[in-house]
Amino acid sequence: MTTRRDFLRATAGAGAALGMVPVKGLEGFPAVRLQRVTPVAVASGNGLAAVSRTIEVVQQGGDTLDAAIQGVNIVERDPDDTSVGYGGLPNLDGVVQLDSSVMHGPTRGAGAVASLEGVKTPSLVARDVMRYTNHVLLVGPGAKEFARSMGYPIENLLTEESRRRWVEWRARLSDRDDYLTPEQSIHGATGFRSEASYGDALLDSHDGVRPQGTINCNVVNADGDLSGVTTTSGLAWKIPGRVGDSPIVGAGLYVDNDVGAAGSTGRGESVIKTVGGHTVVEMMRGGMSPTDACLEALKRIVTFTVEPYLLDEEGRPNFGVNYYAINKKGEFGGAAIFAGARFAVSVDGDTRLEDSAYLFERD
Ligand code: GLY
């Protein structure tokens, strides 16, 4: 019979064959450390400030998860990012419901919250689920009560802008209800903008009309330790209680400290069905580069997309999904279903946007 100790010894041997060195004090465990790597953080295109902050914290010796969370906190607290945290676009009822997951590579930790209301920084609550409970995922009122118990203020997350966009959406939903659009009103109603003028917020939309954004951020430090976080307000105008991929460990985020970290933005349902983050990490475990692993996982989404309402006239998905990945050696990449996406990276003192690899040109 193979004992856990035998198994761990055997896998530690495999690590050595890959040029890894055992961590002092953990002999007999598979925890292996690569020779020094150059710290790198990657994130979705809305994460330039986030990757910069993440690397800053890592360079100062901070923990990889604390670093990535400090990075995404900038976006969660930004009222002008309508896809994440405070100012995120609300659900059908005008209520902001947030999703987030975190994974800490060195301790194999995971925590998540879904449909969380009233807390600007769901990533911090997800980390508290990991640190202070023996659960992985808390949802809805339970997540909110947990956050309250941990000292988070419960606040109104709707900004004037996100409320105005929800009011506009509600008025345009049907011509058989009692809500008036500015064009219908003769009493001087103003201020609605067309969805088409919201620019970047539409980049991740899954039907070209409903905005859908998210931030995923992954990091590796000089020791080869990895962490990741994904946080979002999810699909705008969603059915209350809808949960996307972001708080689902293995879908919107996955980290294996022996291999790499990966996360996603875009249409969450498609990522969940193909266990996207885990798929990318497993591809990297098999030897693929981060970019190729992201592309391979996207091909799986294409295969799984058979619903006519999700296909364009050429039979391709009519929505966007993006993956971002980093491996234990500090190699990184990003890929999207369609050309034109970019991802943020911070490495070697340089923080920039890079073009994502892609499966299809846009028409
Ligand atoms: N990827 C974010 C969501 O679908 O909610």
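Straight Cα distances below 17 angstrom link LYS144 to the lysines LYS120, with same-chain residues fewer than 8 positions distant left out.
For the range 281-357, the direction-averaged projected area of the alpha-carbon convex hull comes to 5.5 nm².
Stretching PHE304 away from ASP66 to a fully extended chain increases their span by 82.2 nm, per 0.36 nm per residue minus the current alpha-carbon distance. Shape class for the range 38-141: oblate, because the ratio a/c of the largest to smallest gyration tensor axis (alpha-carbon atoms, square roots of eigenvalues) is 1.5 or more and b/c is at least a/b.
Taking 37 °C and 0.692 mPa s as conditions, the range 232-273 diffuses translationally at an estimated 300 µm²/s according to Stokes-Einstein applied to its Kirkwood radius (Cα pairs). Rounded, prolate or oblate: which fits the range 60-119 when a ≥ b ≥ c are the square roots of the eigenvalues of the alpha-carbon gyration tensor, with rounded for a/c under 1.5 and prolate only if a/b beats b/c? Verdict is oblate for the range 60-119. Restricting the trypsin sites (Lys or Arg not before Pro) of the range 85-148 to loop positions (DSSP other than H, G, I, E, B) with no more than 14 neighbouring Cβ atoms within 10 Å leaves ARG108. Summarising the strand pairing of the range 221-334, around 95 percent of its internal DSSP beta bridges are antiparallel.
Sort the range 93-151 into rounded, prolate or oblate with this rule: let a ≥ b ≥ c be the square roots of the eigenvalues of the Cα gyration tensor; rounded if a/c is under 1.5, and if a/c is not under 1.5, prolate when a/b is larger than b/c, oblate otherwise. In terms of gyration-tensor shape, prolate.
The 3J(HN,Hα) values that the Karplus relation (6.51, -1.76, 1.60; θ = phi - 60°) gives for the range 154-167 are, in residue order, 9, 10, 7, 8, 6, 8, 4, 5, 5, 5, 4, 5, 5, 4 Hz. Gly and Pro appear as x. Between SER185 and GLN59, residue separation times 0.36 nm minus the direct Cα-Cα distance comes to 39.7 nm. Arranged from fewest to most other beta-carbon atoms within 10 Å of their beta carbon, HIS104, HIS187, HIS278 become HIS187, HIS278, HIS104.
Footprinting exposure proxy ranking of TYR132, TYR323, fewest other C-beta atoms within 10 angstrom first, gives TYR132, TYR323.
Each residue, SER149 and ASN134, gets one label point 7 Å from its Cα in the Cβ direction; the gap between the two is 1.5 nm. Peptides 151-158, 167-174 ordered by packing proxy, namely the average of other Cβ atoms within 10 Å per residue, highest first: 167-174, 151-158. Going from the fewest other Cβ atoms within 10 Å to the most, the residues ASP177, ASP256 appear in the order ASP177, ASP256. Given a Förster radius of 25 Å and the C-beta distance between ARG108 and ARG352 as r, what FRET efficiency does 1/(1 + (r/R0)^6) yield to the nearest 0.05? Plugging the Cβ-Cβ distance into 1/(1 + (r/R0)^6) gives 0.20. Straight-distance candidates among the lysines for linking to LYS329, with alpha-carbon spacing under 26 Å and chain neighbours fewer than 8 residues away dropped: LYS24, LYS299.
Quick note: the coordinates plus some simple rules give every number you see, no bench work behind them. Because the structure is a prediction, the values reported are computed rather than measured. No Cβ is skipped: glycine too gets one built from the backbone with ideal geometry, and neighbour counts run over all protein chains shown.
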